[in-house]
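Engineer: I am attaching a structure below and will ask some questions about it afterwards.
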Amino acid sequence: MNNETGQLAGKVTVVTGASTQKGIGNAIAKRFAQAGAAVFLVAEGTTAQLETAREECRSYPAAGRIEYGIFDLAVRGAAEQMIQAAVGLFGRIDILVNNAGIRAPYDFGDYSHDVFDKVVAVNLAAPFFASQAVLPHMRKQGGGRIINIASQMAKVTYTKRGLYGLTKAALVHLTKSIAYEVGHEGIMVNSISPGPINTQFTIDRVATEPEEAQRRLKTYVPCGRLGEPEEIADVALFLATTQATFLQGEDICVDGGYTTH
């Protein structure tokens, strides 16, 4: 991680999907805390996971106030309740990071309505309604940043990724749509599309098929390795702090070159 501090001093950030120790949301929360932000950690994980994440964020000398909330973003209305809770605790929200997401690794033809509804609810509806709910607060403050975490699967596809990729492609479109409508109000909206990242999900999957995982890395990733969650966190920090506010409605693909072929 970059050792610069103070870049986000006085800023309040909401990060969803922040409880998993080896996860992108957790890395973003820690990176922002290190940079001086106050952070509201959100997940449907356990209290123990979130308390651990909170203490890690609090360990950075520059960190602002760190709190957490448990919200199941698959439930209608939870995204709005999350924003309301954050404003109640901190009084404002400067940066919203819509990171929470779920996968459903089924072959096309095997998806049920329940699975479809849950994946769409978490991956698309939650960022949609969280962004709607945060807009009045950002407008009142005179600006803000919304950062959506999409996926390289928004641009390409792979076995058992049909529904996941569909929601992430829609999230990239949502990013552009919001930016088009609110960019003139000082609200900067962009997304990041991570490629294969060394998260706990990936670690667990690789452990079950190490030879196939290595083959895929050599075949599909020019860098020849997995990315690290901290590398996505650094791009998120750039989007949260950059003065280049003409960067609007863009999707930054951080995938080791995965989508070059």
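Engineer: If you filter the stretch 195-261 for trypsin sites (Lys or Arg not before Pro), then keep DSSP loop positions with at most 15 other Cβ within 10 Å, what is left?
Structural biologist: On the way: sites: 205, 215, 216, 218, 225; in loops: 225.
Passing both the DSSP loop test and the Cβ count: 225.
Engineer: Continuing with the same structure: Please state the shape class of the stretch 13-142: rounded when a/c is under 1.5, otherwise prolate if a/b exceeds b/c and oblate if not, all from the C-alpha gyration tensor.
Structural biologist: On the way: a/c = 2.35, a/b = 1.44, b/c = 1.64.
Note, shape of the stretch 13-142 comes out oblate.
Engineer: Another question, if that's okay. Could you size up the charge dipole of the chain around its Cα centre, putting +1 on the beta carbon of Lys and Arg and -1 on that of Asp and Glu, and report it in debye to the nearest 20?
Structural biologist: Details: 24 positive and 26 negative charges, 62 e Å.
Here the chain has a charge dipole of around 300 debye.
Engineer: Right, here's the next one. With a sphere of radius 9 Å drawn around the Cβ of residue 201, what net charge do the other residues whose Cβ falls strictly inside it have (Lys, Arg +1; Asp, Glu -1)?
Structural biologist: It works out to a net charge of +2.
Engineer: What number comes out for the charge environment of residue 233, summing +1 per Lys or Arg and -1 per Asp or Glu over other residues with Cβ under 10 Å away? Could you put the intermediate results ahead of the total?
Structural biologist: Details: positive: 30, 31; negative: 228, 230, 231, 234.
Every neighbour counted, the sum reads -2.
Engineer: Okay, next question. In Å and whole numbers, how far do the C-alpha atoms of the stretch 75-173 stretch along each principal axis, longest first?
Structural biologist: Principal axes ranked by extent give 46, 25, 16 Å for the Cα atoms.
Engineer: Residue-wise, which Karplus ³J(HN,Hα) couplings in Hz belong to the stretch 159-171, taking 6.51 cos²θ - 1.76 cosθ + 1.60, θ = phi - 60°, and x for glycine or proline?
Structural biologist: Rounded to whole hertz, the list is 3, 6, 10, x, 6, 4, x, 4, 5, 6, 5, 5, 5.
Engineer: For residue 259 and residue 181 in the same chain, what is the full-extension length gain: residue separation times 0.36 nm, less their Cα-Cα distance, in nm? Please list the in-between numbers first.
Structural biologist: Details: separation 78, 0.36 × 78 = 28.08 nm, distance 2.85 nm.
Contour length minus the Cα-Cα distance gives 25.2 nm.
Engineer: Sum up the charges of everything whose Cβ sits under 11 Å from the Cβ of residue 151, counting Lys and Arg as +1 and Asp and Glu as -1, but leave residue 151 out. Spell out each step's value before the answer.
Structural biologist: Working: positive: 103, 155, 161, 168; negative: 251, 255.
Computed value for this residue: +2.
Engineer: Quick one: what are the phi-derived ³J(HN,Hα) couplings along the stretch 131-144, Karplus 6.51/-1.76/1.60 with θ = phi - 60°, whole Hz, x for glycine and proline?
Structural biologist: 5, 4, 5, 7, 4, x, 6, 5, 4, 4, 7, x, x, x
Engineer: Taking every DSSP beta bridge that has both residues in the stretch 130-261, what percent is antiparallel when rounded to the nearest 5? Please report the intermediate quantities before stating the final value.
Structural biologist: Working: 0 of 11 bridges.
The antiparallel fraction comes to roughly 0 percent.
Engineer: Who wins for biggest fluctuation among 91, 162, 69 in a Gaussian network model of the chain, springs between alpha carbons below 10 Å?
Structural biologist: 91
Engineer: Let me ask you something else. Could you work out the relative contact order of the stretch 160-261? I mean the mean sequence separation of Cα pairs under 8 Å and 6+ apart, divided by the number of residues, in percent. Display every interim value, and only then the final one.
Structural biologist: Values: 102 pairs, mean separation 42.5, N = 102.
42 percent.
Engineer: I need the per residue convex hull volume for the stretch 111-261, using only the alpha carbons, in cubic angstrom as a whole number.
Structural biologist: Values: hull volume 18.3 nm³, N = 151.
Given the Cα convex hull of the stretch 111-261, per-residue volume reads 121 Å³.
Engineer: Give a residue-ordered list of calculated ³J(HN,Hα) values for the stretch 253-258 (Karplus: 6.51 cos²θ - 1.76 cosθ + 1.60, θ = phi - 60°; whole Hz; x for Gly, Pro).
Structural biologist: The phi angles translate into 8, 10, 9, x, x, 3 Hz.
Engineer: Looking only at 159, 167, 202, which one moves most when the chain is put into a Gaussian network model with springs between Cα atoms under 10 Å?
Structural biologist: 159
Engineer: I need the chymotrypsin sites (Phe, Trp or Tyr not before Pro) found in the stretch 127-194, filtered to DSSP loop residues with at most 14 other beta carbons within 10 Å of theirs.
Structural biologist: Working: sites: 128, 129, 158, 164, 180; in loops: 158.
Filter output for the stretch 127-194: 158.
Engineer: Let's test the formula: R0 of 45 Å, r as the Cβ-Cβ distance of residue 200 and residue 140. What FRET efficiency results, to the nearest 0.05?
Structural biologist: Values: r = 38 Å, r/R0 = 0.83.
So the FRET efficiency works out to roughly 0.75.
Engineer: Per residue and in cubic angstrom, what volume does the convex hull of the Cα atoms of the stretch 163-208 have?
Structural biologist: Values: hull volume 3.5 nm³, N = 46.
For the stretch 163-208, the hull spanned by Cα atoms encloses 76 Å³ per residue.
Engineer: List the lysines whose Cα sits under 28 Å from the Cα of residue 168, skipping any in the same chain fewer than 8 residues away.
Structural biologist: Leaving aside lysines fewer than 8 places away in the same chain, those within reach of residue 168 are 11, 22, 30, 118, 155, 160, 176, 218.
Engineer: Nearest 0.05, what FRET efficiency do residue 67 and residue 111 give at R0 = 30 Å with Cβ-Cβ as r?
Structural biologist: On the way: r = 36 Å, r/R0 = 1.21.
According to the calculation, E is roughly 0.25.
Engineer: State, to one decimal in nm², a quarter of the convex hull surface area for the C-alpha atoms of the chain, i.e. the direction-averaged projected area. Kindly include the intermediate steps, with their values, before the conclusion.
Structural biologist: Values: hull surface 53.7 nm².
For the chain, the mean projected area of the Cα convex hull comes to 13.4 nm².
Engineer: Pairs of Cα atoms under 8 Å, at least six residues apart: use those to get the relative contact order of the chain, whole percent.
Structural biologist: Details: 532 pairs, mean separation 50.0, N = 261.
Once normalised by length, the contact order is 19 percent.
Engineer: Please check: in the Gaussian network model of the chain (C-alpha springs, under 10 Å), which one of 230, 211, 67 has the largest mean-square fluctuation.
Structural biologist: In this elastic network of the chain, the residue with the biggest mean-square fluctuation among 230, 211, 67 is 211.
Engineer: On to the next question. How high is the relative contact order of the stretch 1-117, in percent, counting Cα pairs under 8 Å that sit 6 or more residues apart? The partial results should precede the final answer.
Structural biologist: Values: 211 pairs, mean separation 33.5, N = 117.
After rounding, I find 29 percent.
Engineer: Report the extension gain between residue 159 and residue 22 in nm, rounded to one decimal, defined as 0.36 nm multiplied by the number of residues separating them, less their alpha carbon distance.
Structural biologist: Extending this stretch completely gives an extra 46.9 nm.
Engineer: Here's another thing I want to ask about it. Taking amide hydrogens as modeled 1.01 Å from N in the peptide plane, which residues meet the under 5 Å criterion relative to residue 227, leaving out close sequence neighbours?
Structural biologist: The list, which skips near neighbours in sequence, is 197, 198.
Every number here is computed from the coordinates shown, using simple stated rules; none is lab data. Because the structure is predicted, anything quoted here is derived from the model rather than measured. A quick note on method: Cβ atoms are made from the backbone with ideal geometry, for glycine too, and the neighbour counts reach across all protein chains shown.
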